[in-house]
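Worksheet for the structure shown next.
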Amino acid sequence: MKFITDITVIIDEADYTEPGRLRKILKSYSAEKEGTCYRVGGTYEELEHLSVQLSAVKHSINSATHGQQDASTHIKSMDVSAVVMTYIQEKCAKELNKIQGNSFVFETQPEHRTVHNNPSGTVQVIIRPQGVSAHPVHADYVRQRFITFYQRTASDLQVTSVPVSPHKHEDLQMTFPRILFKPSHGYPVTATGPFLHIAQLKKFLSQNTQSSSKSPVNKGSTDTPSSRTRGPQPTQDKDPEDELCPICMEPIAIKEKQTLQCKHSFCKDCLEKAYKYKPVCPTCGKVYGTLTGTQPDGGKMKVYRNDSSLPGYEKYGTITIYYDIQSGIQEKEHPNPGQPFEGVLRMAYLPDSSEGRRILELLRRAFDQRLIFTVGRSTTTGRNNIVTWNDIHHKTSTHGGPTCYGYPDPDYLSRVGDELKLKGID
């Protein structure tokens, strides 16, 4: 997964009682002034350092007690799946450390290793500052980064039981490093990992079972060297000099090879199976065909216009989008098929500029392809079985800036355009 590298933040001079000190700090950065606000761009590390400097300015103005209150009250806990969080903490530690940086630490309650035997359980994730001077904007940004990473990881995660004895799962762990194996008190072992890696594991176990049943040497043996888990072996009808299929990790036979426009090649059968899950290249994620989401059927998207302007787009009117998803019964693609889900009414805003109108049409296509919403757990309330936003971000407020999901946010249209492009909508 690629993380955001270039970021832009908006700093309102009105929030500081010593504008002279603020301007002195901003001299070291590429700051552009627009009215009473400064627009500052840079890398995550650069803006993290700026956040610390701004916090120091506010800390000197307010009392120590007030500073501690700012650092904590802007950070909200989140209820997340224990299974997904366990996978993230054990298999995505590098990515998690990059999100939290040096100023924050992620805590789970209860501790994630104590709940992995309860697949339906949840844990509470708390983002705590390392010091008392954490800036609220910085804290909210880290939280949003984590939510995005969590949702993308959870959407591609599959949990299954594999028929291997607990003492063999260590061999499987070496062969499939992206999969998390958890032996239970008995039999079998629980495996959690990305969809394609779980598919590879099942195929590998199936091949080993078949070869074990055909081999007279292995009959009646439960733990001989020849029956232990090995890496995927090439079949006899394939040339060992052929390139490996990224899905099954076996050489691709010339007659079975299928190369996509992005130049990545796979076994034809492997690619067809992957396309049944999602029509994207399993290697780079390029979309082929039409991507369809899990948004409940029957929703409505209505658009209205008015002459009032949004901060940062004073020359244009405002586009207001009304989304209406009625309550209903979950289908087979939802978390709890057959159970009811709660619908939602949502409003979002765009500037009535040429770029805003272009984004509006892309959002229409995303809505028609059922990509705007999904059914699941709310990251803000922790409630299950409700309609929630998917990973296409909307501005649900006209004011307040990025931290309040509003304007001004000069890079929002570009960002949401990139999110839509990742889904094949451009």
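For the range 383-426, the solvent-accessible area with a 1.4 angstrom probe is 45 square angstrom per residue. Label separation (Lys255 vs Ser28): 6.7 nm, computed from points 7 Å beyond Cα along the C-beta direction.
Across the protein chains, with a 1.4 Å probe defining accessible surface, the residues His334, His393, His197 rank His393, His197, His334 from largest area downward.
Taking a 1.4 Å probe, which of Lys24, Lys255, Lys91, Lys421 shows the most accessible area, and what order do the others take after it?
Final ranking, largest accessible area leading: Lys255, Lys24, Lys421, Lys91.
Would you mind checking Lys27/Lys421; Lys278/Lys302; Lys98/Lys202; Lys273/Lys332 for any pair whose Cα atoms are more than 26 angstrom apart? The pairs that break the limit, which is 26 Å between Cα atoms, are Lys27/Lys421; Lys278/Lys302; Lys98/Lys202. For the residues Cys404, Cys270, a 1.4 Å probe over the protein chains yields an accessible-area ranking, largest first, of Cys404, Cys270.
Ignoring ligands, DNA and RNA, what percent of the 1.4 Å accessible area of the range 298-395 is carbon and sulfur?
On the way: 2370 of 5110 Å².
Solvent-exposed carbon and sulfur of the range 298-395 make up 46 percent of the total.
Other residues lying with their Cβ under 9 Å from the Cβ of Tyr38 contribute a combined charge of -1, Lys and Arg counting +1, Asp and Glu -1.
The values are calculated or read from the model by the stated rules, or taken from the named source; none is laboratory data. Owing to the predicted nature of the structure, the values given are computational and were not obtained by experimental measurement. So basically every Cβ, Gly included, is an ideal-geometry build from the backbone, and we count neighbours across all protein chains shown. Quick note on the areas: whole protein, heavy atoms, side chains included, nothing else; ligands and nucleic acids left out. Shrake-Rupley method; radii C 1.70, N 1.55, O 1.52, S 1.80 Å.
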